[in-house]
Amino acid sequence: MSFRRVSKELEARVIRWFAYTWANKQAIDEDRVLAALPDKLKAEIAIHVHLDTLKQVRIFQDCEPGLLEELVLKLRLQVFSPGDYICRKGDIGKEMYIVKRGRLSVVADDESTVLATLSAGAVFGEVSVLEIPGNKTGN
């Protein structure tokens with residue numbers, strides 16, 4: 001990466017991300033495999049893999065199964081490595097996040113004080129899907 005004049009810090013983050021995804025079996029090739037499947041089969045796999053995750057989220061527990069299946073098809077897997085920021089205070093929210101695995105910290109402006117720790121099944125950003133103009137987030 002040095003030939004692209006990428007900082008050592010950014011290069012280290014990229015290396016850590018690949019190491020993290022490899023160690024946690026978040027195979028990058030999985031996306032390529034899924035992309036080759038017919039849409040119906042992709043949908044069935046998504047429902048099989050993610051439906052239980054949605055059922056564990058409190059705001060979705062009383063939803064009809066058909067609605068949950070439709071919501072599953074809207075999900076996009078995102079993998080974050082340790083130390084990554086998902087959003088910062090003041091960002092305008094556009095997405096809702098569900099923690100499927102692992103833990104994440106909500107930190108204060110000083111970037112060291114942990115205000116809360118979220119784990120599997122936790123949700124944040126749900127207000128942003130209501131499309132209220134100017135929704136802002138915390139760190």
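Read the figures in this text as sums done on the coordinates, not as results from a lab. Note that the structure is predicted; figures quoted are calculated from it, not measured. Counting neighbours? That spans all protein chains shown, and the Cβs are built from the backbone with ideal geometry, glycine included.
Quick look at the values:
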item: For the range 12-103, average projected area of the Cα convex hull in nm²; result: 7.6
item: Entries in 8/94; 55/89; 8/89; 74/100; 74/94 that, when Cα-Cα distance is taken, lie over 21 Å; result: 8/94; 55/89; 8/89
item: Label-point gap, in nm, between residue 6 and residue 67 - each point 7 angstrom along Cα→Cβ; result: 4.3
item: From phi via Karplus (6.51, -1.76, 1.60), per-residue ³J(HN,Hα) for the range 71-81 in Hz, x at Gly/Pro; result: 5, 4, 5, 8, 5, 10, 6, 10, 10, 10, 9
